[in-house]
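Chemist: Next up is a structure, given as structure tokens.
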Amino acid sequence: MEHILTVTETKVKYQTLYLIPIEDWPEKEWATLEDGGRMLADSDALAFVYTLESPESFVQLRMPKSIWPALKEAYEQELGVCVKGPDVLDLPLFPAELAFILDNVPGNGNYGSSMVEAVEEAFQLT
């Protein structure tokens, strides 16, 4: 089964970017989540999607364009990244995955022109 968490808020504290989704998540299920270690691009929605995993499911951590300025700050300042739910889940693979996608999207027509333009503009990549 696949679930979706949409990040609508961020906070920087102690050299860490906290991603805060709008959806609530049951504490018992949250405790089973782990860093999925994959960053994808949803070109139609202009969003990055990071994977979280549990034994029974995958969770899409969706990051719309509205929070990209915080991702840019985290990328440039080499901040750690966590997602805040009932507890805090550390995402140690997130920075490398973000760097990887930022290296691949600019100028790459496979992502669609709208996504390429949005990423290049938001992250000042050209």
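The values are calculated or read from the model by the stated rules, or taken from the named source; none is laboratory data. Note that this is a predicted model, so its numbers are computed, not measured. So basically every Cβ, Gly included, is an ideal-geometry build from the backbone, and we count neighbours across all protein chains shown. Surface accessibility is based on the protein's heavy atoms, side chains included, excluding ligands, DNA and RNA. Shrake-Rupley method; radii C 1.70, N 1.55, O 1.52, S 1.80 Å.
So that you can scan it fast, the table gives a plain yes or no per residue for (1) open to solvent by less than 30 Å² (accessible area, probe 1.4 Å); (2) assigned to a strand (DSSP E or B):
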residue	(1), (2)
Lys11	no, yes
Tyr18	no, yes
Glu23	no, no
Glu29	no, no
Gly37	yes, yes
Pro55	no, no
Gln60	no, yes
Ala74	yes, no
Gly107	no, no
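Chemist: I'd like to check something: does region 76-99 contain any residue that is closer than 21 Å to Gln124 by Cα, in a loop (DSSP other than H, G, I, E, B) and open to solvent by less than 40 Å² (accessible area, probe 1.4 Å)?
Modeler: Yes: one or more hits.
Chemist: Working carefully through the options Val83, Val59, find the one that is over 11 Å from the mean Cα position of the chain (by Cα), of a type in the set (Val, Ile, Thr) and under 25 Å from Ala118 (Cβ atoms). Walk me through how you get there before you give the answer.
Modeler: On the way: Val83 fails: over 11 Å from the mean Cα position of the chain (by Cα).
Answer to the selection: Val59.
Chemist: Which condition breaks for Gln124 when tested against (1) assigned to a helix (DSSP H, G or I); (2) open to solvent by 30 Å² or more (accessible area, probe 1.4 Å)?
Modeler: Against the list (1) assigned to a helix (DSSP H, G or I); (2) open to solvent by 30 Å² or more (accessible area, probe 1.4 Å), Gln124 comes up short only on (1).
Chemist: Is there any pair linking a residue in region 1-15 that is closer than 24 Å to Phe58 by Cα to one that is assigned to a loop (DSSP other than H, G, I, E, B) and charged (D, E, K, R), with Cβ under 9 Å and at least six apart or on different chains, and which?
Modeler: Met1/Glu56; His3/Glu23; Ile4/Glu23; Leu5/Glu23; Thr6/Glu23
Chemist: Does Asp42 satisfy being within 21 Å of Leu79 (Cβ to Cβ) and open to solvent by less than 50 Å² (accessible area, probe 1.4 Å)?
Modeler: Values: within 21 Å of Leu79 (Cβ to Cβ): no; open to solvent by less than 50 Å² (accessible area, probe 1.4 Å): yes.
No: the conditions fail for Asp42.
Chemist: Do we find that Ile4 is more than 24 Å from Leu125 (Cα to Cα), open to solvent by 70 Å² or more (accessible area, probe 1.4 Å), touching a strand residue (DSSP E or B) at 6+ places or on another chain (Cβ under 8 Å) and not in a loop (DSSP other than H, G, I, E, B) in this structure? So that I can check it myself, show each step before the final result.
Modeler: On the way: more than 24 Å from Leu125 (Cα to Cα): yes; open to solvent by 70 Å² or more (accessible area, probe 1.4 Å): yes; touching a strand residue (DSSP E or B) at 6+ places or on another chain (Cβ under 8 Å): yes; not in a loop (DSSP other than H, G, I, E, B): yes.
Yes.
Chemist: Among the residues of region 51-64, are any among the basic types (Lys, Arg) and either at pLDDT below 95 or farther than 25 Å from Glu120 by Cβ (or both)?
Modeler: To start, the set of residues in region 51-64 that are among the basic types (Lys, Arg) comprises 62.
Checking the rest, the ones that are also either at pLDDT below 95 or farther than 25 Å from Glu120 by Cβ (or both) come to none.
No, region 51-64 contains no residue that is among the basic types (Lys, Arg) and either at pLDDT below 95 or farther than 25 Å from Glu120 by Cβ (or both).
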